[in-house]
Amino acid sequence: MKIKTYILSGLIAASAMSCDDFLDLQPISEETTATAYESYSQIEAALTGTYESFQSDAYVWNNIIFQDVRSDNHYAGGDNPEIFESDLLNVSATNSKVYQSWSNLYNAILKANIVLDKVDGVDDPKLSEERRDQIKGEAYFLRAYHYYNLVNLWGGVPLILKPTTSTDADAVNIPRSTAAQVFEQILVDLDLAADLLPDTYGDDASINKARATAGAANALAAKACAQMPAPDYARALDYIKEVEDSEANYQLIDYAHLFDGNHYNNAESILEIQYLGGDEGNWGPQLLLPPSISGDSWRKFVTPSNDLVNAFDAEGDNIRKNATVLFENVSWIDEYWGIEEPSDGNSNPNNVAFSYKWKNAMGWSSTDRQYILRYGDIVLLKAEALNETNKLNEAAAEVDLIRVRVNLDPLTAEQKSSKTGLRLAILNERRLELAQEAQRWDDLVRYGVAVETMNNLVEIDLRDNQPVDYNMTEAKILLPIPQQELDRNPNLTPNPSN
């Protein structure tokens, strides 16, 4: 049968009824649960509501703040003190963006749990068993993806695997599981998803890149195997082999095409958010792009760092630099790029770097896409896994695939002569490849270099020409548990603070 599909989009309408009307009830009433999930269209609408979580602040904006701004890739700009907290590594438990991401992710998990809880009870001839299995697989993948982000940001978190139907303290005040336990559940969910999901849903790329597939499940599982407290790189390679053998035929494409706005749902994309513009647009680009593109004249909230730009230049990496960073003269003062006062009302003296992987502002309703997973990331993850399992030559060959496509020379003999040297080369390659894609902090943590990288980072505040003291410690690797959650749930324990 022809499967009805739903596209991920910025403000997508799931159906004539709002599935959030059901999903956000606290608690969900017996009357509602008895009538809300009886039909095929209703369970599909609930699944669409689960995908909608990719358009929450946690994924549109806060992921860049907590991954790129918190690391050596980007600065906080604008005038938001909570973004400056991330930039200067002084994030507080009362930071609203910390609570926002926590609540966004758990709301998304709630939606996935409801789909998993209700789908088997739908008795509708329009719902085939094949589609029922796919819906389960998509929900398992989505739950795993949200837990993957939770555990990376906060460490061990409460594992909630069923919809909450009671307000009793024992039901809602759930203690933290360990990070290892959360990753174990992530892999359980992803194995189930991979078994239930197809490689493709047919020939339409706008469907195959909008919905979870077996390739997406295996790609995320590989990332989880590398990121968990005791990495299992051999298992990661098994998952990567499944991605490589997928009938979806993932492959690297021209790097510039990944971000030019004209090659959506391409062969490198494994899963991406399907922003369509207008009421279904991406508001993130307006916060990043320079006046000539955004049409406004205010200082942007996130800008590339001098250190990131220098890293591109040191490698002679013009293709990825030009796809990632755009320089433009502006009139405002910027403490890292220029503090000259305009000599007259018309001058624009400061040449400032802007984030440029999103290229179209379109009045807060951009069609610029965001990759949830892409194959270039997996190629470099394979290189990492091969290196960690002592297959250095094979690892270097994977890195060179990434380098050759942006016209860089292969790794030198010195870079690939030792596991340590190759590890550093892979980490640098990931930085240049994935900047502004919310990967950098996880990479620094996984490689065990977050503290030294941030403490060795030299960024000069031009207001006093003094280097910034990031005062990075092990305690700052994880975000603080939101104070609102600590106040609400006495069984939660805070993360160490410094």
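Given H placed 1.01 Å from N in the peptide plane, which residues other than close sequence neighbours of residue 302 have an amide H under 5 Å from its amide H?
Answer set, sorted by chain and number: 77.
Amide H to amide H under 5 Å from residue 370: which residues, 5+ apart in sequence or cross-chain, H placed 1.01 Å off N in plane?
273, 275
Multiply the residue separation of residue 484 and residue 407 by 0.36 nm, subtract the distance between their alpha-carbon atoms, and state the gained length in nm to one decimal. Don't jump to the answer; show the numbers that get you there.
On the way: separation 77, 0.36 × 77 = 27.72 nm, distance 4.94 nm.
Additional length available on full extension: 22.8 nm.
With only Lys, Arg, Asp and Glu charged, each at its Cβ (+1 for the first two, -1 for the last two), find how big the charge dipole of segment 378-440 is about the Cα centre; round to the nearest 20 debye. Can you show the working numbers first?
Details: 10 positive and 10 negative charges, 23 e Å.
For segment 378-440, the charge dipole is close to 100 debye.
Could you pull out the GluC sites (Glu not before Pro) across segment 158-253 that fall in loop regions by DSSP (anything but H, G, I, E, B) with no more than 15 other Cβ atoms inside 10 Å?
Values: sites: 184, 242, 244, 247; in loops: 247.
Listed in order of number, the matching sites are 247.
Is there a quick way to get the dipole size of segment 293-357? I mean about its Cα centre, with the Cβ of Lys and Arg at +1 and of Asp and Glu at -1; what is the value in debye to the nearest 20?
On the way: 5 positive and 11 negative charges, 69 e Å.
It works out to roughly 340 debye.
With the Cα gyration tensor of segment 293-357 giving a ≥ b ≥ c as the square roots of its eigenvalues, does the rule (a/c under 1.5 for rounded; else a/b larger than b/c for prolate; else oblate) give rounded, prolate or oblate? Mind dumping the intermediate values first?
On the way: a/c = 2.38, a/b = 1.79, b/c = 1.33.
Taking the square roots of the gyration eigenvalues as a ≥ b ≥ c, segment 293-357 is prolate.
What relative contact order, as a whole-number percentage, does the chain give when Cα pairs under 8 Å and 6 or more residues apart are counted? Working shown, then result.
Working: 886 pairs, mean separation 92.0, N = 498.
Across the chain, relative contact order equals 18 percent.
Dipole of the chain (Lys/Arg Cβ +1, Asp/Glu Cβ -1, origin at the Cα centre): which of 483, 74, 425 lies farthest to the positive side?
Farthest along the dipole direction, towards plus: 425.
Could you tell me which of 161, 330, 471 has its Cα farthest along the dipole of the chain towards the positive end, charges placed at Cβ (Lys, Arg +1; Asp, Glu -1), taken about the Cα centre?
161
Rounded to the nearest 20 debye, what is the charge dipole size of the chain about its Cα centre when +1 sits on each Lys and Arg Cβ and -1 on each Asp and Glu Cβ? Don't skip to the answer; put the middle values down first.
Details: 40 positive and 77 negative charges, 97 e Å.
Magnitude of the dipole: close to 460 debye.
How would segment 76-229 be classified by its alpha-carbon gyration tensor: rounded, prolate or oblate, with rounded meaning a/c under 1.5 and the a/b versus b/c comparison settling the rest?
Values: a/c = 1.95, a/b = 1.51, b/c = 1.29.
Judged from the Cα gyration tensor, segment 76-229 comes out prolate (a/c at least 1.5, a/b above b/c).
Mind checking Rg over Rh on segment 208-311, alpha carbons, Kirkwood formula for Rh? Before the final figure, lay out each step's value.
Values: Rg = 17.8 Å, Rh = 16.8 Å.
That ratio equals 1.06.
Report the relative contact order of segment 340-489, percent, no decimals, based on alpha-carbon pairs under 8 angstrom and at least 6 residues apart. Before the final figure, lay out the partial values.
On the way: 106 pairs, mean separation 20.4, N = 150.
In percent, rounded to a whole number, it is 14.
Tell me the label only: which of (i) -0.73, -0.88; (ii) -0.62, -0.78; (iii) -0.80, -0.86 is log10 I(q)/I(0) by the Debye sum over Cα atoms at q = 0.09, 0.10 Å⁻¹ as calculated from this structure?
Computed from these coordinates, log10 I(q)/I(0) by the Debye sum over Cα atoms at q = 0.09, 0.10 Å⁻¹ corresponds to label (ii).
I'd like the Karplus ³J(HN,Hα) series for segment 433-446: coefficients 6.51, -1.76, 1.60, θ = phi - 60°, whole numbers in Hz, and an x wherever there's a Gly or Pro.
6, 10, 4, 6, 10, 6, 10, 5, 4, 4, 5, 4, 5, 4
State the extension gain, in nm to one decimal, for the chain segment bounded by residue 99 and residue 168, taking 0.36 nm per residue of separation less the distance between their alpha-carbons. Provide the component values of the computation, followed by the final result.
Details: separation 69, 0.36 × 69 = 24.84 nm, distance 2.24 nm.
Roughly 22.6 nm would be gained on extension.
Taking the Cα of residue 331, stepping 7 Å toward and past its beta carbon, and measuring to each backbone N in segment 358-374: which are under 16 Å?
None, by backbone N distance to the label point.
Where does each of 420, 48 land when they are ranked from fewest to most other beta-carbon atoms within 10 angstrom?
Details: 420 9, 48 21.
Fewest to most other Cβ atoms nearby, the residues stand as 420, 48.
If each residue of separation counts as 0.36 nm, what is the full-extension length gain between residue 262 and residue 390 once their alpha-carbon separation is subtracted? Walk me through the numbers on the way to the answer.
Values: separation 128, 0.36 × 128 = 46.08 nm, distance 3.97 nm.
Fully extending the segment from residue 262 to residue 390 adds 42.1 nm.
Whats the longest run of the chain with zero trypsin sites (Lys or Arg not before Pro) that are DSSP loop and have at most 12 other Cβ atoms within 10 Å?
Details: sites that count: 2, 4, 126, 463.
Value returned for the longest uninterrupted segment is 127-462.
With the dipole of the chain worked out from charges on the C-beta (+1 for Lys and Arg, -1 for Asp and Glu) around the Cα centre, which of 236, 95, 292 lies farthest toward the positive end?
Working it through, the farthest residue towards the positive pole turns out to be 236.
Mind checking the angle between helix 392-404 and the chain's longest principal axis? C-alpha axes, 0 to 90 degrees, to the nearest 10.
Between helix and principal axis, roughly 80 degrees.
Listed here are the pairs 321/359; 241/416; 209/391; 97/300; 300/357; 357/382; which of them are more than 20 Å apart at the Cα?
Working: 321/359 14 Å; 241/416 23 Å; 209/391 32 Å; 97/300 17 Å; 300/357 15 Å; 357/382 24 Å.
Beyond 20 Å between Cα atoms: 241/416; 209/391; 357/382.
Would you pull out the residues with amide H under 5 Å of residue 327's amide H, same chain only if 5 or more places away, H placed 1.01 Å from N?
Those qualifying (amide H under 5 Å, at least 5 residues apart or on another chain) are 354.
Each value in this text was obtained by applying a stated rule to the coordinates, not by laboratory testing. Values in this document were obtained by computation on a predicted structure and should not be read as measured data. All Cβ positions, glycine included, derive from the backbone under ideal geometry; neighbour counts span all protein chains shown.
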